[in-house]
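A quick write-up on the structure given underneath.
The values are calculated or read from the model by the stated rules, or taken from the named source; none is laboratory data. Only a predicted model underlies this, so the values are computations on that prediction, with no experimental measurement involved. With ideal geometry, Cβ positions are generated from the backbone for all residues, glycine too; neighbour counts draw on all protein chains shown.
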Amino acid sequence: MTQEILLILSIAVFTFASATVFSATRTLVRQHGHEISVLRSLGASTKTLKLDIVIKTLPWSILASSLGLLIATASLLVMENIGLQAFSHTISFQPNPTIIMLSIILTLLITTISIASTKLK
């Protein structure tokens, strides 16, 4: 039962994070709408502008994802050291490189998809 609850919580966190990335992308495009319009009037293609946005946002996405992983790791280590229990099970921290890489890859994928789906003026 505990694994199912943790899976549901993970999906909820992933969904919330995805919505945040989509919202941040739309806000970024809206804030720079005037500059995007000027570049479009000078002949920049939508593809070029989106590639530029991807290049500018990916480092921040990776940094934010890494920071989130570090905070989660530190929190789990603290919980493990004080013997905190969740769902009547003692929390044990076992880092998994596959999960860490999957998290970073999903962050990159979500960022790229959110920018690709954004309409530029």
Mind telling me which of the residues T25, T48, T20, T57 ends up being within 13 Å of the chain's Cα centre (by Cα) and free of Cβ contacts under 8 Å to residues at least 24 places away in the same chain?
-> T20
Give the stretch 43-65 a look and list any residue that's under 15 Å from I110 (Cβ atoms) and hydroxyl-bearing (S, T, Y), or say none.
-> T57, S61, S65
Of the residues that sit in the stretch 61-75 and are in contact with a Ser or Thr (Cβ under 9 Å, 6 or more places away or on another chain) and not small (G, A, S), which one is nearest to S117 (Cα to Cα)?
-> I62
Could you list, in sequence order, all residues of the stretch 64-93 that are at pLDDT 70 or above and not hydrophobic (A, V, I, L, M, F, W, C)?
-> S65, S66, G68, T73, S75, E80, N81
